[in-house]
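> Take this structure, written in structure tokens, and hold onto it; I'll ask about it next.
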Amino acid sequence: MPDGGEKEAALLRVIADVVAAETGARRVPRLRRAADAGDVPGWDSLMHSRIVLALEERLHIRIDIAHTYELRNLGDLVDYLAGLSPRHD
């Protein structure tokens, strides 16, 4: 089982992969906890929805999209995702 730091790093990698795939970017800026959507070219409100849906699929979780709009940065997103349980459907 990964420790907290490894889990955080793994979630940031998943988010970076999803952001790259959904925005069509060849390279995504290094995503750190302090980064927010404004730091990522192409991340707008429509892209936000696509990213959330892709994260749900990739991580097998259910995300409250309304809650994600309240998060200040990727660190908050990582913390939120880390606290979710896998869905069983």
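The values are calculated or read from the model by the stated rules, or taken from the named source; none is laboratory data. Keep in mind the model is a prediction, meaning the values are calculated, not measured. For neighbour counting, all protein chains shown are included, and Cβ atoms are generated from backbone atoms with ideal geometry for every residue, glycine included.
> If residue 69 passes every condition in (1) touching a helix residue (DSSP H, G or I) at 6+ places or on another chain (Cβ under 7 Å); (2) at pLDDT 90 or above; (3) hydroxyl-bearing (Ser, Thr, Tyr) but one, which one does it miss?
(1)
> Using beta carbons and a limit of 6 Å, which pairs, at least six apart or on different chains, have the first residue in segment 65-89 and of a type in the set (A, V, I, L, M) and the second one modelled with pLDDT of 95 or more and part of a helix (DSSP H, G or I)?
Matching pairs, first to second residue: 65/52; 71/77.
> Could you go through segment 67-84 and let me know if any residue there is within 20 Å of residue 9 (Cβ to Cβ), polar (S, T, N, Q) and surrounded by 12 or more Cβ atoms within 10 Å (Cβ to Cβ).
Yes, that holds for at least one residue.
> When the residues of segment 21-41 are narrowed to those that are loosely packed, with under 15 Cβ neighbours inside 10 Å and either of a type in the set (Gly, Ala, Ser) or in a helix (DSSP H, G or I) (or both), which ends up modelled with the highest pLDDT?
Taking the candidates together, the pick is 34.
> Please work out which residue is nearest to residue 37 (Cα to Cα), limiting yourself to segment 56-89 and to residues that are of a type in the set (Gly, Ala, Ser) and part of a helix (DSSP H, G or I).
Ranking the qualifying residues of segment 56-89, first place goes to 75.
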